[in-house]
Amino acid sequence: MSKILRVNMTDQKVKSEDVPEKYRLIGGRGLTSAITCDEVPPTCHPLGPNNKITFAPGIVTGSGAPTAGRLSVGCKSPLTGGIKEANSGGIASDKLARLGIKAIIVEGQPKDKGKFWVLKVNKDGAELMPAEAGWLGNGLYEAYPKMLKKFGEKVGIISIGVAGEMLMSMAGICVNDPENRPSRYAGRGGVGAVMGSKGLKAIIVDETGGSSVSLADSEAFNTGRKKLTDALRQHDITKPGGTLNTYGTAALVNVINEAGAFPTRNFSSGRFEGASKISGETINETCKKRGGVGATGHRGCTGCIIQCSNVYPKEDGTELVSCQEYESVWSLGANCGIDSLDVTGELVRLCNDYGLDTIEAGATIGVAMEAGLAKFGDGKKAIELMHEIGKGTPLGHILGGGAALTADTFGIVRCPTVKRQSMPAYEPRAIKGIGVTYATSTMGADHTSGYTIAPEILGVSGKMDPASKGVEKAEASRNFQYATAFIDSSGHCLFIAFAILDIPSGLEGMVEECNGVLGTNWTVDDVGRIGGDIVKMERAFNEAAGFTNVDDRIPEFMKYEMLPPHNVVYDVPDEVLDKVHNP
Amino acid sequence: MNKVEVRLFASLRKYHPSTEDSDAFVLELADGAKLGDLVEKLKIPRQEIGVLMANGKWQKEDYSLKDGDRIGLFPLIGGG
Ligand code: SF4
């Protein structure tokens with residue numbers, strides 16, 4: 001039977017609760033957002049006792065569905081001040097689901113500041129224990145092996161790093177990958193700071209004695225699983241030996257750069273002369289050339305058949321880091337004027353070690369470079385700035401607060417954020433639809449919440465002119481935002497979207513898998529409705545927290561600063577932006 | 001004659017006319033040549049191409065090449 005664990009950090013008590021009827025048919029983001037909306041006062045301080053942080057596997061996580069090992073983490077965000085769902089891969093979510101855990105809600109706050117606990121979860125229940133000294137104040141590359149030694153090599157670890165312990169707004173939450181690296185992240189929105197504010201260092205998930213998620217209709221499930229698996233194996237982007245598998249997400253570097261939409265040197269250009277040096281092609285070639293542990297097509301998350309991750313080797317073939325993602329090589333590379341994968345790899349490693357969102361970290365260093373704290377392209381100095389964050393110096397705390405805080409502190413106008421969350425690796429001036437998503441997402445600037453890049457640049461799910469700025473962009477963004485909220489609730493990785501948007505039977509398969517687990521009779525037409533309900537609920541939370549349509553805007557500098565090479569400004573009218581949530 | 005600068009990406013790199021260099025190369029085409037002619041000249045099977053770009057914008061095969069154009073050819077690409 002599935003259950004919800006409620007962890008009260010005020011008195012360190014853990015309760016197991018039945019799943020209320022209203023949460024029975026949701027999971028992942030749908031569930032974390034529902035719990036945040038039902039239990040968190042929208043005006044509470046994100047780091048105070050009234051915020052709650054919820055962890056939830058998706059609907060089909062733990063069922064044997066392909067590429068479905070995702071974990072949703074939800075709370076009120078200290079970065080945006082609005083609702084947050086950050087999503088991670090790795091191995092922990094599948095284990096939680098196999099223990100019958102539908103969600104873990106962490107609430108309250110310990111009286112002793114600076115004291116940390118670890119929540120141990122296994123088939124008999126859950127208990128809190130004090131965190132050992134060696135797990136705290138150290139990088140995660142040091143802390144993870146210590147925790148594994150204590151709890152066994154096969155546990156899932158959901159943990160914050162020192163940035164979370166220090167309550168920094170760019171702190172993420174880390175999940176171990178199949179080889180136990182601290183490398184998969186629910187990165188965005190400062191979820192790590194919220195976990196830190198609860199005095200919770202880590203959740204340890206031991207699935208021994210757990211079992212596969214029970215199926216209400218195994219026939220529907222098996223049909224669905226087969227359809228989705230076939231679609232993933234067939235589509236050029238997701239198939240074995242396909243683009244994601246061969247080049248990783250950084251396959252995007254060259255295409256976005258060609259399109260003139262690759263934000264460079266703190267969003268001052270859309271093209272980076274060093275792009276090809278940090279591309280997926282170069283990652284692939286370097287892995288082959290340097291050999292050793294270098295590998296593309298690495299499985300970062302339980303049960304994934306796409307396998308988009310990589311292990312990037314140093315010159316001598318030993319491991320530098322996993323994983324050099326598109327977003328990370330952009331934020332810590334092009335956006336800082338850095339064209340070396342060895343440097344981006346080192347910076348990603350530091351983010352993994354300190355527990356940081358690579359997107360916010362790179363965007364922040366870009367702003368810091370603009371402020372003169374380092375020169376664009378100076379990798380050595382970028383590494384030093386990252387250490388300031390890890391050490392928690394006063395400058396480190398400013399940087400650790402994110403791009404918007406850093407821009408405020410140093411008087412930088414060119415601050416690429418929406419709702420104080422930094423933009424990811426697509427320039428909205430050159431690709432208007434993604435700007436509509438950045439502006440209107442409930443999450444702040446976030447590409448994953450409505451990936452219009454697919455039709456605007458990649459030619460997936462149809463084609464749309466990236467330069468157009470009419471209501472069609474509002475519609476596209478809305479449709480993507482709704483569909484995404486469903487996928488994020490299913491437990492699938494968002495990258496299945498490339499296949500299921502182009503192959504109708506794949507989309508049916510995903511819905512049938514959900515029916516198989518839940519006993520529902522959903523059709524593909526329900527995807528938009530269910531996802532839409534989630535987005536509307538999140539938006540209501542944000543409204544109650546004080547957001548209005550004026551917050552759904554792109555930063556002003558993008559409206560008057562021309563972006564080379566196309567020399568364009570952001571000119572989607574406000575009325576179009578407002579149409580996304582008011583059709 | 002039109003000289004255009006060509007870049008082939010990801011799985012299309014294997015159609016690069018010289019093997020040692022993976023970046024841009026220059027191709028000369030007769031006046032009036034279209035993007036489709038360029039694809040043919042490089043012997044790239046059409047079904048392997050996902051996106052054709054000229055000067056950072058999507059184009060189709062009937063696009064008329066101009067001297068100095070920057071061409072990028074990609075397979076279907078995804079990521080996030
Ligand atoms: S596609 Fe990549 S990110 Fe998604 S589940 Fe697979 S390995 Fe993880």
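The values are calculated or read from the model by the stated rules, or taken from the named source; none is laboratory data. All values derive from a computational prediction rather than experimental measurement. Ideal geometry is used to build each Cβ from the backbone, glycine not excepted, and the neighbour counts take in all protein chains shown.
General remarks:
- Any hit, the stretch A:549-558, residues being under 30 Å from A:Arg265 (Cβ atoms) and β-branched (Val, Ile, Thr): yes
- Test: residue in the stretch A:35-51 that is more than 14 Å from every other protein chain (Cβ to nearest Cβ), under 24 Å from A:Asn515 (Cα atoms), away from the ligand (no atom under 16 Å from the Cβ) and not in a strand (DSSP E or B): yes
- The residues of the stretch A:459-500 that are within 16 Å of the ligand (Cβ to nearest atom), among the aliphatic types (A, V, I, L, M) and modelled with pLDDT of 95 or more, listed by number, are A:Ile487, A:Leu494, A:Ile496, A:Ala497, A:Ala499, A:Ile500.
- Within the stretch B:15-26, considering residues that are more than 14 Å from every other protein chain (Cβ to nearest Cβ) and touching a residue at least 12 places away in the same chain (Cβ under 8 Å), the one farthest from B:Gly72 (Cα to Cα): B:Pro17
So that you can scan it fast, the table gives a plain yes or no per residue for (1) at the interface with chain A (Cβ under 9 Å from one of its Cβ atoms); (2) on the phi > 0 side of the Ramachandran plot; (3) aromatic (Phe, Trp, Tyr); (4) in a helix (DSSP H, G or I):
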residue: B:Arg13; (1), (2), (3), (4): yes, no, no, yes
residue: B:Glu28; (1), (2), (3), (4): no, no, no, no
residue: B:Glu40; (1), (2), (3), (4): no, no, no, yes
residue: B:Leu52; (1), (2), (3), (4): no, no, no, no
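- Taken together, the residues in the stretch A:490-514 that are surrounded by 21 or more Cβ atoms within 10 Å (Cβ to Cβ) and away from chain B (no Cβ under 14 Å) amount to 9.
- The residues of the stretch A:307-335 that are more than 14 Å from every other protein chain (Cβ to nearest Cβ) and within 16 Å of the ligand (Cβ to nearest atom), listed by number, are A:Val311, A:Tyr312, A:Val321, A:Ser322.
- Matching entry among A:Ile59, A:Ile104 (being in contact with a Leu (Cβ under 7 Å, 6 or more places away or on another chain), away from chain B (no Cβ under 14 Å) and within 16 Å of the ligand (Cβ to nearest atom)): A:Ile59
- A:Glu258 facing another protein chain (nearest Cβ under 9 Å) and more than 19 Å from the chain's Cα centre (by Cα): yes
- Extreme residue, nearest to the ligand (Cβ to nearest atom), among residues of the stretch A:205-240 that are charged (D, E, K, R) and outside any helix (DSSP H, G or I): A:Lys239
- Residue within the stretch A:526-539 that is free of Cβ contacts under 8 Å to residues at least 40 places away in the same chain and under 23 Å from A:Gly64 (Cβ atoms) present: yes
- Of all residues making up the stretch A:192-208, the number that are of a type in the set (Lys, Arg) and within 19 Å of A:Asn180 (Cβ to Cβ): 1
- When residues of the stretch A:283-306 are limited to those that are out of contact with any helix residue (DSSP H, G or I) (no Cβ under 9 Å at 6 or more places or on another chain) and within 13 Å of chain B (Cβ to nearest Cβ), the one farthest from the ligand (Cβ to nearest atom): A:Lys289
- Listed by first and then second residue, the pairs linking a residue in the stretch A:480-507 that is at positive phi to a residue that is within 14 Å of the ligand (Cβ to nearest atom) and of a type in the set (Ser, Thr, Tyr), with Cβ atoms under 8 Å apart and 6 or more places separating them unless they lie on different chains, are A:Gly491/A:Thr61; A:Gly491/A:Ser93.
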